[in-house]
Structures are given as C-alpha cells and as structure tokens.
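The values are calculated or read from the model by the stated rules, or taken from the named source; none is laboratory data. Here the structure is a predicted model, which is why all the values come from computation and not from measurement. Cβ placement follows ideal geometry from the backbone for every residue including glycine, while neighbour counts extend to all protein chains displayed.
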Amino acid sequence: MCSARFSFNLETTATDCGARVGTFHTAHGSVTTPVFMPVATHAAIRSQDSAAMRELGAQVLLANTYHLLLRPGAEVFRKLGGIHRFMNWDRPVLTDSGGFQIFSLSRALQMSEEGAEFRSYVNGDRVLLTPERSIEMQRAIGSDIMMVLDQCIPSTSSHQDALAALELTFRWAKRSLAARADSAQALFGIVQGACYEDLRRQSAAQITSLPFDGYAIGGLAVGESKSEREDMCEYTLQFLPRDKPRYLMGVGTPADLLEAVKRGVDMFDCILPTALGGQGVCYTSRGKIDLRRGTYRLADEPLDALCQCSTCKSYSRAYLHHLSKTGEFLCAQLVGVHNFTFYLTLMAQMRRAISAGTFMQFYAQNRETLLLRDLDNPSTPPKRSRANNRHALTLGDYEVVTHEQGWGAIRQKSSGEVMHSVIQPQLEAERLYLEQSGFRDLVRQAEKEELVLWDVGLGAATNAMSVVHAYEELSKEGVSLRPVKIVSFEQDLDSLRLALLHPGLFKQLCHQAPHCLLKAKHWQCSKGPLSWELLEGDFLQRLEQAAPPQIIFYDPFSYKTDSVLWNRACFGRILACCAKRSALLFTYSTSTAVRSAMLAAGFFVGRGVGTGPKDETTVALSEAACRERPDIELLEQKWLERWERSDAKTPPGLSAAEKESFGAVVRGHKQFKVLC
C-alpha cells in the first residue's frame, strides 16, 4: 500500500532516450525530478546552513540514519519534533538506512540474519542495527522518504557473495515494510546484485514484487568502472516500474548525473559538492578547477563568468586561491555555494530540456564539456617518452582507473585486480595499516631501538607514503622521534612509475621520496631519522636480506594472483625473520585459507578493523606481540568450528596425509588452547 502522503506523477518522457520529468509529493512539499539531493549526513550540510540551501534552490536533502542513531539518537528527535524542526528545514528529507556506512565505517562488524552488530565510533558501545530498528529510527527522525536496510558489498564481489547479499537484502526489505506499519512516510526498496546481470534481474524482480513507494539502485559506485556502472544502471532500470521514482544511490559527478538521467534515473545524492569545495576544487563552465594551483594567485576574474551565484558575483579567483592555501573554512563555504549552484543548475537545465523535447541535443552539447579540466589554465604535463604519450594511462601490465570522486587507483590488467579499489587509497592505508599498527605512538618512543617496518607489495607506494607523511607531521611537534626504517618489497615497479606520471590522481606521491626510491633504491628523510629502502625482485628471494621487522604491512595481490605469498611456507619464513621478537602483520585478506596458513606457520591470528565495505581484516601476531597487544581480538573457538566445516580449510593441492597434518597443527595451536 502506497503512503497516503506520498505520490509520484510521471509528466514527460523523452522519445529518443530514457530521460524523464516527474513530480513526487510529500507532506513537506513537492519535488520535481530529476533531482539532486545535497547530503546532510548529520542533519547538516557541511559548510552551509539551511537558509543557504533554501536560497540555492535545493528541493530535498539527504540525512543518514546510521550517524543520527549514534548521535544525537532517537530520543532527541522524538522530543524536538523530528528533523525538519531540529535543523530548521521545511522541505522534504530522505534518510538513507545506513547500510553503506555500516560496511564502510564500522569496526568489529558481525553480520547475521537478525541484523548488523558493530561498535559505535562515538563511545565504543556495541550496537545492533536491524531492519526494524532502522525503520524505528527513521520514523523518529520524521523523514519524508525512508530507505530499507540493505547489505552493501563491493560491486566487484564474487557471484556467490553478491547472491547472498541480495537474498538477505530481500528478506530485510520485507521486514522493513512490516516495521513501517501505518506510518505516512514513504519507503523505498533497494536493488542489489553487484555487476551481474542475472542477479540484478533477480533482485529487481524480488524488490518490485513488494509495495514500495519508489526503488533505488544500490551497490554501485563501490569499486566498478564508470562504464560498468553506466551499463549496470541501464540494465537494471528496465526492470523497475515506470510509475515509481528511481534513485541511483551515491552518484556522482556532473557527467555521471547526465549519463544516468539519459538512462531514466530520477534521484541522486553525492558528497562531492562539499567534499571538493573543502579542497578548493570546483566545477565550472570552463572545466573542473583546482584553486590551490599557483596560477590563480593573481587571477582577478570571477570563478565562473557564466555563474550567477553569490561567490562568483563577489569574489575573485585570487581570493579563493588565498583561502584554499591558508586552509580557511570560508573557502569550503564559498566554493561549496558555487558547486551546489552548478549541480542544481545542471539538474534544472536537464529538466527543461526533457520537457522541451531537446534533451539529446543538450546531452550531446554537454557530454564532453562536463569532463573538461580547466580550459583556461591547463596543467603542463610532465615530459614523457613517445610510448608513454601514446598510453598515458597504461604502463606495462598496469593501468590507471579514476574514481568518480577524483582519486586514482592502479589496476593490474592481467588479473583485473585494483590496488585500494573501493575507498580512497590514503584512507585505507591510514585505517588498515597506519592507525591499527599504532605507528604514531611507537614513533614517539624515542628511547626505543630502530623501528623496522616491512611494506610487502609496494605497488603505487600508498602504504609506505602514509608512513612518510605521518612521520613528517610528527616531526613538526619538535620532540625526538624513534628511528624508523621502511623496507619495501616489489617485483614490478611499473605500477609506481605509472602513478608518478599522474600526480593529480595520486596526491600522496607529491613528494621527493618515491622519485628517489625509484632512482637510488633508497631515500633518507631530512626531517628526522627515517630511511626508506627498496628491495626489488621476488619477495621470497629477498625477505631474509632485510632487517627483522616489528611491523609488516602485507599488501600483495590476492591469493588468486600471488598464491605463493599466502601459503604456510611463506608465512613461516616471515615469522622466522621476526627473530622471536614482538611483530605484527596487518593485511586486508580475511580468507579462511590465508588465516589457517598463518596459524599453521605459528602466528597468532586476530580480527583487524573494517575498511571500506570489508567488515573486518586480519592481524597476525608473534607470540611476544600477542602478549603486548591484548586489544587485538583473536580468532576464537567459534571460528575454529566454522573452519572445520569449511571447504577451504587447507591450501589446494595437498594430499590427504598433508591435509590431515596441516589440520592437526591448526587445531593444536596455542591460541585455541589459551582461549579454551
């Protein structure tokens, strides 16, 4: 049964593509689609207030249930009359259920049929978010449109994992509908299925069989390429009802919006206008501009001569450049105003073109324009060889892939694997490796011996550069720091060479260190006793040549691609190199076979923090480190029981006798005896 206070009218559909104009009606006003929804995650638009968003013409805002559940909580909304009164916003609000945030931000996540249990980033409490509790919270918030709780996984997940996620999403969707009861708030279902056409078709059939007020396409913009996202969006849309709104979640750039509107999407949200605004980056009629560039220091012209926003009317590029370079908050506010104006104006232009029957002309005129970068002050590219000029985005077995939010990653063409594929590489390096290892605290222990850190799988140097940047930041405190030696292992340096050709996409590499490392295989920091050396070649032939490590960032490609680096023999040699000292190994893999290989090699094995959509990662500890890091949650008896039932509990290729011997070592590990 549709909500009595929500309805959708489809008014115009283009005859030569899927673009359409419609209107949905809510208790807090009507919204004309296609529409872009600015993101007010915590019931606030970053750098803007509600009055500014009304003046800019925002029709509807998006808030996040996950964050608002943790702070301020349901009681505040119930007592103060809901989110509209709370944030002084009298127009419609959509609340995301928090599904993506659970899997991208939560620590110590435990998934079950009941819901997702995670640890609050506010106070560390354990929180169980079920479909029913998500709806209960959204009812307390009082949003006009609620979203069902879904299981979000990377779009690059296996067919088996994607199938399991969409089946759970369907069961949760039915529970969400039941939990809505008699609420007048609209409720949208979410289609999952990663990048598999059969699963998208199956999920769409399941979700559209339920009486939702609208339907969202979820599970995109989380690892796939731009073309894959566009193809999967177009494929999925054909299975969604024409008489209900269609919402593409978390997308995207202006060019992404144009492509999706052409295919028939009605609703969008994305953090880019504010995220880029805070960095001094904006979209203009002359292309995407980075105001931090020195070329704007004396630029007296407005940001965009064709824009009528208050920023473009009142301030020069030189002033905005000054604000961006000094880190003034006003930069985020002023550039944010312009970016929102650009987005909302683009949506209004598309609505007018669809209504006038000229959308495909508008599409043809703007398709390439929206991808431009700074026509007036193009960057001067570094000198390259002819070969590199012909293949600027490829080198050897590697190619650059660009995320919709502007950062780059490196993909190995032969395997298809992407380094740091889902969230920004610097963020993953910080959370998974730097923060979890306690690097900053260890470095402040100036009286200790040299800290040796192994970086296994240098790749595009993201993990190692996170150490360099952190160390140099600490050096500014003016205190003595512990000597640190980074030892990076890499067999194929083309990935780093390629990334260094694109500093705009790999900003973590804007430093002399990686250039020196490539040239001399060594770099010495001038700001403190930090050195970085490169051991080029096969890791298994070089590891015994390195100084014994206390910390290991273990980031080679997966078992499928680099199987010899994930077996018992390799981990045994690594542990032997640690020379019975306290040592910790951090890695992204949670494979049962990998964890059992670590155990069989003699490591203690625990759960690491989640990163991106991964609910957890893995930490391997020497026995000495196990005593020093009681905060790391070791695998328990329940894991061992699941391992016993697993089809992948031993490495492939073992004989029956070898499997039995391997299994006996794992079962007899001290870790489980202590836990028992």
Would you confirm whether any residue within segment 225-235 is among the aliphatic types (A, V, I, L, M) and under 23 Å from Pro92 (Cβ atoms)?
no
Applying the selection to segment 511-525, what residues are small (Gly, Ala, Ser) and closer than 15 Å to Met465 by Cα?
Ala513
Look at Glu477 and say whether it is touching a residue at least 40 places away in the same chain (Cβ under 8 Å) and either touching a Pro at 6+ places or on another chain (Cβ under 7 Å) or assigned by TED's automatic domain parsing to the domain that holds Arg542 (or both).
no
Restricting attention to segment 179-200, does a residue exist that is among the acidic types (Asp, Glu), out of contact with any helix residue (DSSP H, G or I) (no Cβ under 8 Å at 6 or more places or on another chain) and outside the structural domain of Phe340 (by TED's automatic domain parsing)?
yes
Which of (1) acidic (Asp, Glu); (2) touching a residue at least 60 places away in the same chain (Cβ under 8 Å); (3) surrounded by fewer than 24 Cβ atoms within 10 Å (Cβ to Cβ) is the odd one out, the single condition Asp125 does not satisfy?
(2)
Qualifying positions in segment 177-206 - buried (at least 24 other Cβ atoms within 10 Å of the Cβ) and without any contact (Cβ under 8 Å) to a residue 40 or more places away in the chain:
Arg200, Ser203, Ala204
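Tell me, please, whether a residue that is part of a helix (DSSP H, G or I), under 21 Å from Trp523 (Cβ atoms), touching a strand residue (DSSP E or B) at 6+ places or on another chain (Cβ under 7 Å) and at pLDDT below 90 can be found in segment 440-461.
Within segment 440-461, not a single residue is part of a helix (DSSP H, G or I), under 21 Å from Trp523 (Cβ atoms), touching a strand residue (DSSP E or B) at 6+ places or on another chain (Cβ under 7 Å) and at pLDDT below 90.
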Collect the residues in segment 106-122 that are out of contact with any Ser or Thr (no Cβ under 7 Å at 6 or more places or on another chain), touching a residue at least 24 places away in the same chain (Cβ under 8 Å) and either in a loop (DSSP other than H, G, I, E, B) or not assigned by TED's automatic domain parsing to the domain that holds Val31 (or both), keeping them in residue-number order.
Ser106, Glu113, Ser120, Tyr121, Val122
Check segment 576-583 and report whether any residue there is under 30 Å from Gln110 (Cα atoms) and in contact (Cβ under 8 Å) with a residue 60 or more places away in the chain.
no
Give Pro514, Pro556 a once-over and let me know the one that is surrounded by 15 or more Cβ atoms within 10 Å (Cβ to Cβ), at negative phi, out of contact with any strand residue (DSSP E or B) (no Cβ under 7 Å at 6 or more places or on another chain) and not basic (Lys, Arg).
Pro514
In segment 140-191, the residues that are touching a Phe, Trp or Tyr at 6+ places or on another chain (Cβ under 9 Å), part of a helix (DSSP H, G or I) and of a type outside the set (Gly, Ala, Ser)
Ile141, His159, Leu163, Leu177
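On the given criteria, is Ala194 within 19 Å of the chain's Cα centre (by Cα), in a helix (DSSP H, G or I) and at pLDDT below 95?
Against the criterion (within 19 Å of the chain's Cα centre (by Cα), in a helix (DSSP H, G or I) and at pLDDT below 95), Ala194 does not qualify.
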Among the residues of segment 363-372, are any of a type in the set (A, V, I, L, M, F, W, C) and over 24 Å from Thr295 (Cα atoms)?
yes
Just one listed residue, out of Ser143, Ser157, is hydroxyl-bearing (Ser, Thr, Tyr) and touching a residue at least 40 places away in the same chain (Cβ under 8 Å), and it is Ser143
Residues located in segment 483-537, provided they are in contact with a helix residue (DSSP H, G or I) (Cβ under 9 Å, 6 or more places away or on another chain) and of a type in the set (Asp, Glu)
Glu490, Glu533, Glu536
Within segment 431-438, can one find any residue that is of a type in the set (Phe, Trp, Tyr) and in contact with a Ser or Thr (Cβ under 8 Å, 6 or more places away or on another chain)?
yes
The number of residues in segment 544-561 that are assigned to a loop (DSSP other than H, G, I, E, B) and free of Cβ contacts under 8 Å to residues at least 60 places away in the same chain is 1
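So for segment 314-333 (the condition being charged (D, E, K, R), over 30 Å from Thr95 (Cβ atoms) and surrounded by fewer than 21 Cβ atoms within 10 Å (Cβ to Cβ)), does at least one residue qualify? Talk me through it step by step, then tell me what you get.
We begin by selecting, within segment 314-333, every residue charged (D, E, K, R); these are 317, 325, 328.
Then keep just the ones that are over 30 Å from Thr95 (Cβ atoms); that gives 317, 325, 328.
Now narrow it down to the ones that are surrounded by fewer than 21 Cβ atoms within 10 Å (Cβ to Cβ): 325, 328.
Looking for residues that are charged (D, E, K, R), over 30 Å from Thr95 (Cβ atoms) and surrounded by fewer than 21 Cβ atoms within 10 Å (Cβ to Cβ), one finds at least one in segment 314-333, hence yes.
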Scan Gly277, Gly252 and give me the residue that is crowded, with 21+ Cβ neighbours inside 10 Å, over 26 Å from Thr12 (Cβ atoms) and modelled with pLDDT under 95.
Gly277
Which of the residues spanning segment 37-59 are under 24 Å from the mean Cα position of the chain (by Cα) and not charged (D, E, K, R)?
Met37, Pro38, Val39, Ala40, Thr41, His42, Ala43, Ala44, Ile45, Ser47, Gln48
In this structure, is His42 touching a residue at least 60 places away in the same chain (Cβ under 8 Å) and surrounded by fewer than 20 Cβ atoms within 10 Å (Cβ to Cβ)?
no
Looking at segment 619-669 only, could you name the residues that are at pLDDT 90 or above, hydrophobic (A, V, I, L, M, F, W, C) and in a helix (DSSP H, G or I)?
Ala624, Ala625, Cys626, Trp639, Leu640, Trp643, Phe662, Ala664, Val665, Val666
Could you give every pair whose Cβ atoms fall below 9 Å, whose first residue belongs to segment 207-236 and is of a type in the set (Phe, Trp, Tyr), and whose second residue is part of a helix (DSSP H, G or I), counting only separations of at least 6 or pairs across chains?
Phe212/Ala173; Phe212/Leu177; Tyr215/Ala204; Tyr215/Ile207; Tyr215/Thr208; Tyr235/Glu197; Tyr235/Arg200; Tyr235/Arg201
Could you please find all residues in segment 251-298 being among the charged types (D, E, K, R), in the same structural domain as Gln48 (by TED's automatic domain parsing) and part of a loop (DSSP other than H, G, I, E, B)?
Asp266
Can Thr590 be described as surrounded by 21 or more Cβ atoms within 10 Å (Cβ to Cβ) and of a type in the set (S, T, N, Q)?
no
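Would you say Thr236 is touching a Phe, Trp or Tyr at 6+ places or on another chain (Cβ under 8 Å), among the β-branched types (Val, Ile, Thr) and not assigned by TED's automatic domain parsing to the domain that holds Cys331? Full working, then the answer.
Working: touching a Phe, Trp or Tyr at 6+ places or on another chain (Cβ under 8 Å): no; among the β-branched types (Val, Ile, Thr): yes; not assigned by TED's automatic domain parsing to the domain that holds Cys331: yes.
The answer is no for Thr236.
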